[in-house]
1. Using +1 at the C-beta of Lys and Arg and -1 at the C-beta of Asp and Glu, which of GLY30, PHE47, PHE72 has the Cα lying farthest in the positive direction of the dipole of segment 16-80?
2. What is the spin-label model distance, in nm, from ILE131 to THR13 if the labels are put 7 Å beyond Cα along the C-beta direction?
3. What three numbers, in Å, describe the spread of the alpha carbons of the chain along their principal axes, ordered from the longest?
4. In sequence order, what are the phi-derived ³J(HN,Hα) couplings for segment 173-183 according to the Karplus relation 6.51 cos²θ - 1.76 cosθ + 1.60 with θ = phi - 60°, rounded to whole Hz, with x for glycine and proline?
5. Report, in cubic angstrom per residue, the convex hull volume of the C-alpha atoms of segment 93-214.
6. With Kirkwood's inverse mean 1/r over C-alpha pairs for Rh, give me the Rg to Rh ratio of segment 132-198, two decimals please.
7. Can you pull out the chymotrypsin sites (Phe, Trp or Tyr not before Pro) in segment 99-160 that DSSP calls coil and that have at most 16 other Cβ atoms within 10 Å?
Amino acid sequence: MVNLPALPHKYHTASIWLLYTAGLLPAAYGFWLGATGMLPGNPVKEFEHLLGIWALRFLIATLAITPIRDMFGVNWIRYRRALGLLAFWYVLMHFLTYMVLDQYLNFSAILVDIAKRPFITIGMAAFTMLIPLALTSNNWSIRRLGPRWGKLHRLVYVIAAAGALHFAMSVKVVGLEPWTYITLVALLLLWRPIRPHFNRWKRGSNGRPQFNRA
Ligand code: HEM
């Protein structure tokens, strides 16, 4: 069991805002590099890739919060909403970069792409599913939707799987990087059915699960 010192409660809100700020830095840095001509090769593609990769990273980080708590007793649940929203903002920026900088708002070409290129169809489906999750990520919606909120937000598993698949299909050769993301997403998806057994085993072996308030 990892025994991290608990973050004093008075710093919780500040730490969440710090996460939002730090989380948006890769996009800001990538944009600055692109705007100043410092992105190598095709700057639009590079920026689009950077945003797509960070979207996937934040999706994975969102899904990792529960297994980390189950396995190591570290409770970072307070950061889950911020991580999920960061994933949404990155997908939105990735999509806007594709629409504006890549396709020059040529809507007929965009529609043809969405309909005819399976990896874009899958990316679009993932993005569409993310929208209701982002819109209902507030306390009011959680109260309003009750148990339906949890059911709706299970879509994040489908979205992460679709995101990883979209990545793998977007590259000519599925090398180490896409495989790493596919494996991480697969492990996080597998955790869902394993989780009740693991927690039962943990309760059986050392009483009730202990959560650190890191
Ligand atoms: C959850 C949603 C999405 C995720 C996680 C995601 C993530 C990614 C990732 C990781 C890549 C590969 C980056 C690389 O090669 O290094 C990629 C490529 C790409 N994505 Fe997405 N994406 C999503 C949705 C979308 C949507 C909605 C569109 C447009 C409708 C889109 C368009 C593209 C395009 C065009 C590329 C390939 C660019 C190229 O190599 O030519 N993606 N995406």
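Bear in mind that the values in this text are calculations on the coordinates, not laboratory data. Source: prediction; values computed, not measured. FYI the Cβ positions are ideal-geometry reconstructions off the backbone, even for glycines, and counts take in every protein chain you see.
1. Farthest towards the positive pole: PHE72.
2. About 3.2 nm, to one decimal.
3. Principal-axis extents of the Cα atoms in the chain, largest first: 59, 40, 35 Å.
4. 10, 7, x, 4, 4, x, 4, 4, 5, 4, 5
5. In segment 93-214, the Cα convex hull volume per residue is 178 Å³.
6. 1.10
7. In loop regions of segment 99-160 (DSSP not H, G, I, E or B), the sparsely surrounded chymotrypsin sites (Phe, Trp or Tyr not before Pro) are TYR104.
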